[in-house]
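Scroll down for the structure; my scribbles are underneath it.
The values are calculated or read from the model by the stated rules, or taken from the named source; none is laboratory data. All of these numbers come straight from a predicted model, not from anything done at the bench. Here the Cβ positions follow ideal geometry from the backbone for every residue, glycine too, while neighbour counts run over all protein chains shown. Heads up: the accessible areas ignore ligands, DNA and RNA and are worked out on the full protein's heavy atoms, side chains in. Shrake-Rupley method; radii C 1.70, N 1.55, O 1.52, S 1.80 Å.
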Amino acid sequence: MTPVLIILAGLVGFVLIVGLWLMGAYNGMVTLRQAVKNAWAQIDVQLRRRHDLIPNIVNTVKGYAAHEKGTLEAVINARAKATSVTLPADRIKAEGELSSALGRLLAVSESYPELKANQNFLALQEELTSTENRVAYARQFYNDNATKYNTGIQVFPNVIIAGMFGFREEPLFEAPAEAKEPPTVQF
Amino acid sequence: MNFRDEQKRNVRTTWLLSGAFFLLLTVTGVLLDFFIFKGQMFLITPAVVIFAAGQGLYAYYSGTAMLLRSVEAVPLDSSASPKHRQVQNILEELCLAAGLPQPPLYVEPDAAINAFAAGRDPEHSVVCVTTGLIDRLERNEIAGVLAHELAHIRNRDVLLFTIMAAFVGAVGLLAALAFRSIRGTRVSRRSKNSGQLVLALILIAVVLWLASWLGKLLRLAVSRTREFLADATAVEFTREPDGLVSALEKIRQEAIETEYGEADMAHAYFAQPHFRASSFFASHPPLDERIARLRVWQPEPPTPAAR
């Protein structure tokens, strides 16, 4: 083989290898990003489930603890706000407020033994606990996928092409400050 | 995030043990090909491997219905009691954490606290719990156990165990064929070589016996490693080990014999309630060691939720 042919063959081989790598890296990043989108949507599903549960809970508690108007209204208002705002930052804040309001309501319910013995209320309480867990796990799953994706676009050599194809870092879900404090009960 | 290091360690061990398995099969096959199957060299071992692989594939694809029937499991009815509803909820929550499709839940009538998962891949899996588990465990303990079972599903342990069984079957089949071949050899020749021949045959018989024992031990070692891995993966899902630790401690305290303790099923259960002196022969690691490994990890700061 003449030197020209060898060089040509080497060039073609090199371009092929780079092309294959490019394809693999790009597809990998797309897959990771889609997983993040899917996980984000899943959080929405669980938050909506929580919204749907609240009217039932409010009505059940109202039957036994009508005095707690303030706490009940806080929940109703927080739910209305959470279902109406649209900007992601606002939604996160609103959902956090709803979590706090619900926490206060459940804490208050502890002082009503008749309410605590009510089967309906207990079932609803379990559903609420489950829903809070689902929201938390959905956020955890989102964080896990977002971390994988963020890592995937920052490692070498993917980092070289990530920017030019529009792969940007996704934010992680942080606990809003209010959710970290235990709910205070006001009598 | 120390549970991730534990996961890496157990995956490494799995690879090492699988390599040892493969080596065992290869060495046994080659030795036998040279010394016993002289006329059919390099033909018998591949044929045996293919046959064992076929058996494995059949077992792998045969589904879970027969298995569930054999333990008299029925689908879980979430309206049967608040506790049943709770178990169903917990499984749904954990599937969100794991990103797995939700497997159908079954209940097995048994007073002991136990559970198992079965199925060839996440889309075709089932999870079964005992009535004892539903009655006696708290919410976070049930979460620990179910997370452990989902971990088995995600880690494809059923696939791995099927491959292991196929390997062990292949070694066993080779041994059986070799023994038949040995018996067929005429030793009654009155030549000075007959003594050596008998010795060689005895030696080979010993080697075969060792090989099949090694295969069984390796299989049990792999099973134990995957149990540790499932514990670590369960913590990855729940982000706190306390529920699982608490469930294991309850099981340790009570140690009621499981009704269905067939050796085949033993490895698939959550815990092995029979206490054995030597851990080599157990398909599950001792409960003490599982608890000790779990206790090392502190719960992470919680993602916002009520538990």
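Is it the case that the range A:71-85 has a residue that's within 13 Å of another protein chain (Cβ to nearest Cβ), surrounded by 15 or more Cβ atoms within 10 Å (Cβ to Cβ) and in contact with a helix residue (DSSP H, G or I) (Cβ under 8 Å, 6 or more places away or on another chain)?
Here is the first cut: in the range A:71-85, the ones within 13 Å of another protein chain (Cβ to nearest Cβ) are none.
No, the range A:71-85 contains no residue that is within 13 Å of another protein chain (Cβ to nearest Cβ), surrounded by 15 or more Cβ atoms within 10 Å (Cβ to Cβ) and in contact with a helix residue (DSSP H, G or I) (Cβ under 8 Å, 6 or more places away or on another chain).
Specify which of the listed residues (A:Val18, A:Val61) is of a type in the set (Val, Ile, Thr) and in contact (Cβ under 8 Å) with a residue 40 or more places away in the chain.
Numbers: A:Val18 fails: in contact (Cβ under 8 Å) with a residue 40 or more places away in the chain.
So the residue among A:Val18, A:Val61 that is of a type in the set (Val, Ile, Thr) and in contact (Cβ under 8 Å) with a residue 40 or more places away in the chain is A:Val61.
Considering each of A:Arg104, A:Arg139, A:Arg91, A:Arg50 in turn, give the residue that is touching an Asp or Glu at 6+ places or on another chain (Cβ under 8 Å), of a type in the set (Lys, Arg) and surrounded by 14 or more Cβ atoms within 10 Å (Cβ to Cβ).
Among A:Arg104, A:Arg139, A:Arg91, A:Arg50, only A:Arg50 is touching an Asp or Glu at 6+ places or on another chain (Cβ under 8 Å), of a type in the set (Lys, Arg) and surrounded by 14 or more Cβ atoms within 10 Å (Cβ to Cβ).
Which condition does B:Ala112 not pass, out of (1) in contact with a Pro (Cβ under 8 Å, 6 or more places away or on another chain); (2) open to solvent by 30 Å² or more (accessible area, probe 1.4 Å); (3) away from chain A (no Cβ under 14 Å), if it passes all the others?
(2)
What's the number of the only condition in (1) among the acidic types (Asp, Glu); (2) closer than 26 Å to A:Ile43 by Cα; (3) open to solvent by less than 20 Å² (accessible area, probe 1.4 Å) that B:Glu123 fails to meet?
With respect to (1) among the acidic types (Asp, Glu); (2) closer than 26 Å to A:Ile43 by Cα; (3) open to solvent by less than 20 Å² (accessible area, probe 1.4 Å), B:Glu123 is out only on (3).
Spot the failing condition for B:Thr64; the list is (1) within 14 Å of chain A (Cβ to nearest Cβ); (2) in contact with a Lys or Arg (Cβ under 9 Å, 6 or more places away or on another chain); (3) polar (S, T, N, Q), and only one is missed.
The one condition B:Thr64 does not meet is (1).
Among the residues of the range B:181-199, is any open to solvent by less than 60 Å² (accessible area, probe 1.4 Å), at pLDDT below 75 and closer than 14 Å to B:Thr45 by Cα?
Yes, some residue in the range B:181-199 is open to solvent by less than 60 Å² (accessible area, probe 1.4 Å), at pLDDT below 75 and closer than 14 Å to B:Thr45 by Cα.
Within the group B:Leu31, B:Leu67, B:Leu57, which residue is open to solvent by 30 Å² or more (accessible area, probe 1.4 Å), in a helix (DSSP H, G or I) and more than 22 Å from B:Ala118 (Cα to Cα)? Talk me through it step by step, then tell me what you get.
Working: B:Leu67 fails: more than 22 Å from B:Ala118 (Cα to Cα); B:Leu57 fails: more than 22 Å from B:Ala118 (Cα to Cα).
After applying the criteria, what remains is B:Leu31.
Just need a number here: residues in the range A:101-126 that are away from chain B (no Cβ under 11 Å), within 20 Å of B:Arg139 (Cβ to Cβ) and among the charged types (D, E, K, R).
Of the residues in the range A:101-126, 2 are away from chain B (no Cβ under 11 Å), within 20 Å of B:Arg139 (Cβ to Cβ) and among the charged types (D, E, K, R).
Look through A:Ala162, A:Ala138, A:Ala146 and report the one residue that is in contact (Cβ under 8 Å) with a residue 12 or more places away in the chain and away from chain B (no Cβ under 14 Å). Show your work before the answer.
Values: A:Ala138 fails: away from chain B (no Cβ under 14 Å); A:Ala146 fails: away from chain B (no Cβ under 14 Å).
None of the other options fit; the residue is A:Ala162.
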